[in-house]
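Before any comments, here is the structure.
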C-alpha cells in the first residue's frame, strides 16, 4: 500500500514537476502558462500536472475558458513533517554515538597510562 508521503516524493522526483511546484509556490497559473516554461507539448505538461494532482500536490479548476492550477501545500507539509521526524531520530542516534565515542576516547588514555606505568 502506497502512502501519501511516498506519492508526494514520487511526484516530486521529476525535475519538470519540481519546476512546476516552484512556479506555483509564487502564484497560481494556467496550464498554458506552465506549458510555456518547457520545450515540450501542452499535453506532456498536462500529464505532469496530472501526476501532481493525483498526489494531492496541486488542484486544477476552471475559470471561464482557462484551467488554473493551484498549489495545495498540505501534502508537501506532510512530507516535511515525515522528514523532520526522521532527522530528529537520526540526530538523537548520532548524539548517543558521540557520547559512546567520547566515553571510549576518555577510557583510552587512562588505559594507555596504566600500561606505561606498569
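Things to note:
- Close pairs (6 angstrom Cβ cut-off, 6 or more residues apart or separate chains): touching a residue at least 12 places away in the same chain (Cβ under 8 Å) in region 1-29, assigned to a loop (DSSP other than H, G, I, E, B) and surrounded by 17 or more Cβ atoms within 10 Å (Cβ to Cβ) anywhere: 7/55; 8/55; 11/55; 11/57
- No other residue among 69, 51 is surrounded by 14 or more Cβ atoms within 10 Å (Cβ to Cβ), touching a residue at least 24 places away in the same chain (Cβ under 8 Å) and part of a helix (DSSP H, G or I) apart from 51.
- Test for residue 51: is it over 22 Å from the mean Cα position of the chain (by Cα) and modelled with pLDDT of 90 or more: no
The values are calculated or read from the model by the stated rules, or taken from the named source; none is laboratory data. Everything quoted here is computed from the prediction, not taken from an experiment. FYI the Cβ positions are ideal-geometry reconstructions off the backbone, even for glycines, and counts take in every protein chain you see.
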